[in-house]
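The values are calculated or read from the model by the stated rules, or taken from the named source; none is laboratory data. Since this is a predicted model, take the numbers as computed values, not measurements. Using ideal geometry, Cβ is built from the backbone for each residue, glycine included, and neighbour counts are taken over all protein chains shown. Protein only, heavy atoms only, side chains kept; ligands, DNA and RNA dropped before computing areas. Shrake-Rupley method; radii C 1.70, N 1.55, O 1.52, S 1.80 Å.
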Amino acid sequence: MKNLTLLLLTIILTITMAPAASAATQAEALLHINSLSLTYKDTELVYRTVLHNTGNMTLKGITTLQLDFYDRNGTLFEGASYQDDANLEKLVLKPGESKLWTFTVKTISSADISTYKVKSSATFKSVKPAVTSGTIVKINNQNGAVSAQPMISEGELYISLKDMALITGASLRTNSKVNTVTLTYQGVTRTVNLGTDAKLINGNTMINIDSIDKLYPNVGVASKKTGNMIVVSVRIS
């Protein structure tokens, strides 16, 4: 099996409502697909992604979706078409919202996917214009998304520990009995206490961005507020 896990990227997620859009603002839903990993499993190609609505309207149901897979040489080796897919048609993404999604494709090919590219095209429904402010997270200046939106608690910005582990390839274990989170990153295991550096917010284990360096010593984090947006820059060395 050949496996590639890509670093994730830019995260745009809603945390507060902004003023209403002006008449000049174009209202539309925009689907952005962020790659997480592409692997072979028996006779299937497994494509793990994050589906993200970067527009200012709610995306309500994907009616058609085409995925084309290119190997490290830029050669098209597989294509998949989704039309009238029940799960995709039920998908709802509000402006700035993201969801993890896995596609499986039956295949007999065995391409070199140590480096790969996926091109996509889709048609979908959109409803009710909405403009929101939110948080943008830039990781190594690449675009992507997370499954849990960053949250502000007691004036501090928190990011999902699960998403950070996914982004960096770290392993994560939560012990609810003693209220600790243990993370293994680059062969080193570290533990933090829930309620101090990390806490449960809306059912998600989140970490204060100012405490990320305690778990990830090679990760630099900085945040800056620009208008109604908060920009968090994360650099993994």
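What is the residue count in region 218-227 for residues that are of a type in the set (Val, Ile, Thr) and open to solvent by 60 Å² or more (accessible area, probe 1.4 Å)? Number of matching residues: 1. Taking each residue of region 186-206 that is among the acidic types (Asp, Glu) and looking for partners that are open to solvent by 60 Å² or more (accessible area, probe 1.4 Å) with beta-carbon atoms closer than 9 Å, six or more apart or interchain, yields Asp197/Asp210; Asp197/Lys214.
Which one of these is part of a loop (DSSP other than H, G, I, E, B), touching a Leu at 6+ places or on another chain (Cβ under 8 Å) and surrounded by fewer than 17 Cβ atoms within 10 Å (Cβ to Cβ): Thr104, Thr115?
Working: Thr104 fails: part of a loop (DSSP other than H, G, I, E, B).
None of the other options fit; the residue is Thr115.
Checking each residue in region 183-217 for being closer than 20 Å to Arg235 by Cα, open to solvent by 50 Å² or more (accessible area, probe 1.4 Å) and not in a strand (DSSP E or B) picks out Gln186, Gly187, Asp210, Asp213, Lys214, Pro217.
Is it true that some residue in region 53-60 is in contact with a Ser or Thr (Cβ under 7 Å, 6 or more places away or on another chain), surrounded by 14 or more Cβ atoms within 10 Å (Cβ to Cβ) and hydrophobic (A, V, I, L, M, F, W, C)? Looking for residues that are in contact with a Ser or Thr (Cβ under 7 Å, 6 or more places away or on another chain), surrounded by 14 or more Cβ atoms within 10 Å (Cβ to Cβ) and hydrophobic (A, V, I, L, M, F, W, C), one finds at least one in region 53-60, hence yes.
Among Asn3, Asn87, which is the only one that is open to solvent by 50 Å² or more (accessible area, probe 1.4 Å), within 20 Å of the chain's Cα centre (by Cα), modelled with pLDDT under 90 and not small (Gly, Ala, Ser)? When all the criteria are applied, what remains is Asn3. May I ask you to verify whether Val46 is buried (at least 18 other Cβ atoms within 10 Å of the Cβ) and modelled with pLDDT of 85 or more? Taking the combined requirement at face value, the residue does not satisfy it.
Residues that are outside any strand (DSSP E or B) and hydroxyl-bearing (Ser, Thr, Tyr) were ranked within region 152-182; the one that is surrounded by the most Cβ atoms within 10 Å (Cβ to Cβ) is Thr168.
Of note, Thr64 satisfies the criterion of being among the hydroxyl-bearing types (Ser, Thr, Tyr), open to solvent by 40 Å² or more (accessible area, probe 1.4 Å), assigned to a strand (DSSP E or B) and farther than 21 Å from Ala111 by Cα. Filtering region 132-151 to residues that are assigned to a loop (DSSP other than H, G, I, E, B), out of contact with any helix residue (DSSP H, G or I) (no Cβ under 9 Å at 6 or more places or on another chain) and either modelled with pLDDT of 75 or more or more than 16 Å from Ser37 (Cα to Cα) (or both) leaves Asn140, Asn141, Gln149.
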